[in-house]
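Bear in mind these aren't lab numbers, they're just calculated from the coordinates by the rules spelled out. In this text, all values refer to a predicted model and were calculated from it rather than measured experimentally. Cβ coordinates were reconstructed from backbone atoms using ideal geometry, including for glycine residues, and neighbour counts include every protein chain displayed.
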Amino acid sequence: MRSKELTGLSVSRSHLWNLAQAGKIERVGRGLYRAKNANISTNETVLEVAKRVPLGVLCLSSALRYHELTTENPFEIWLAVERGAWTPKLNDHPVRVVHFSKAAFDFGIQTRSVEGGTLRVYSPAKTVADCFKFRSKIGIETAIQALRAAYREKKATMDDIWRAAKVCRVVNVIRPYMESLV
């Protein structure tokens with residue numbers, strides 16, 4: 001829970017601090033608290049970053065891992081923010097921020113409930129298109145493997161990937177790889 005989430009309730013933010021000092025809850029980071037005996041989920045680090053950057057969206061390698069389109073476990077959490085928006089500086093976790101145009105940022109955002117909170121993550125089709133757009137950062141092999149996995153495991157249709165490729169402006173790059181699959 002973020003301390004900002006208490007604004008609608010009749011509880012002051014200092015009450016969280018007092019509970020943490022009493023040992024009833026645990027302070028995870030600045031303005032971020034959790035129950036003392038809470039089960040720590042596998043997505044805890046990602047959830048913590050999502051709470052700290054509420055307008056960010058999980059993307060690229062992190063979204064591939066979330067959708068189980070890769071076996072790689074990224075050592076950084078990849079977050080997308082809209083171009084011109086505040087860029088978070090998080091020292092606690094390795095976070096890599098990429099900036100998207102408004103059209104590319106808004107397309108394909110899904111809100112998923114996971115144990116401990118909600119995540120904003122791009123759809124599998126949008127994630128594949130983003131991988132081709134940022135192929136110089138994550139590698140063309142990763143992008144090709146993501147495309148094959150999304151098609152093979154039926155996480156995205158070719159039409160979905162094509163629409164995402166149009167928004168991300170990578171149609172000419174992704175076309176030969178899509179044609180080789182069909």
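Here are the numbers for the structure shown:
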quantity	calculated
Per-bin percent of Cα-Cα distances, the stretch 42-181 [5 Å]	2, 11, 22, 24, 20, 13, 6, 2, 0
Mean-position separation - Cα centroids, the stretch 131-182 and the stretch 105-119, in angstrom	21 Å
Point-charge dipole on Cβ atoms (K/R +1, D/E -1) for the stretch 42-181, about Cα centre, debye to 20	460 debye
Ranked by how many other beta carbons lie within 10 Å on average, peptides 97-105, 84-92 from highest	97-105, 84-92
